[in-house]
1. Let a ≥ b ≥ c be the square roots of the eigenvalues of the Cα gyration tensor of the range 207-285; is it rounded (a/c under 1.5), or, if not, prolate (a/b larger than b/c) or oblate?
2. What FRET efficiency comes out for A124 versus I284 if R0 is 51 angstrom and r is the Cβ-Cβ distance? Round to the nearest 0.05.
3. How high is the FRET efficiency between D67 and E112 when r is their beta carbon distance and R₀ equals 51 Å, given to the nearest 0.05?
4. Are any of the pairs K90/K122; K102/K122; K5/K59 more than 30 Å apart by Cα-Cα distance, and if so, which?
Amino acid sequence: EMKAKQEEKMRSLQDFSSLLDEDAKQPEKELALLSDEPVKQKKSGGYSPQNRGQSSSIKTSVDAYQDINRTLGNFYEAPKEDTEKERLLKEVEALKARLQEKESNPSTALEEQKALMEESYKLAAKYLPVNAGNASETETIGEPATKNTSSKTAILPVSQVRERTVSALPQEISDADRIQAFSQPRNVGFHTATATAQRETKNTITACIHDDRTILDGQSVRLRLLESMRAGGTLIPRNTLLTGQARIQGERLGITVVSLEYQGLIVPVELRVYDTDGQQGIFIPGTKEMDAVREIAANMGTNAGTSINLSSDAGEQLAADMGRSLIQGTSQF
């Protein structure tokens, strides 16, 4: 189709050029028909209006012919490149391609919405009330803390204190210490260059009951630390006294420590007491027997003098009631 259009243009141009050739030949014929007298008169300096009109028409035709030739020559020349126009066209094409990509990929719109929602959440968290902001900062900046659901208080983590070796260089020891060290059994094994030392870790803090006392359910019990511990960022030294709440459950005395005091600082914690057998609570044998004795004694005091006896002596009647209550309580136990 483009080739046919090009041929049609060439055909029209050829027709136009043939017409121009005919117009150019006509002035030449007119020049040939002119006689020699006007030329001679022109050379002699005479004035002839006829000759002047003919020369002006010929000059006009020649100028028109030259203009047409220049126009035809410029028609086949390539137009000059316009950089500004090319840049604008490229920008338009890039915008069209971007628009088509957005229409073809709806996930990008969802991602943009998610990004906007995240930004809004960040702004909301930034401009929350002061108390909520302080709570979030303490949880993120400080050590991880657990919240007690009953008291709504941030509980600080508790860990043991490890003694780290400052220097492993050999130190001078006395002869007595050297003899004592050699007299003890020694490990003759060795560690390879790639082996790593295994450190034993434990999740308990050693403590003991500070003093002997008789307690009831719900009373406080004083404990004494046998080793140092770290509560959050506070170092609690050895022999520090802790106070916990006691709860008797069968043959176990459960003790729970919810806070401790050291140098005027109240540290919220949550510590539970375990016995050496690994079970929660301190083992207190004989608790059931003591409960049975107290119950029998209470029943004996309550039932004394309530039964009917034919004996005339009040002492005998009281002794009979107490004996009967003792027998009933012992049989129930």
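Nothing in this text is a laboratory measurement; each read-out follows from the coordinates by a stated rule. Everything quoted here is computed from the prediction, not taken from an experiment. Here the Cβ is made from the backbone with ideal geometry for all residues, glycine too, and neighbour counts use every protein chain on show.
1. Prolate, because a/c is 1.5 or more and a/b exceeds b/c.
2. 0.40
3. It comes out at approximately 0.25.
4. Flagged as over cut-off: K90/K122; K5/K59.
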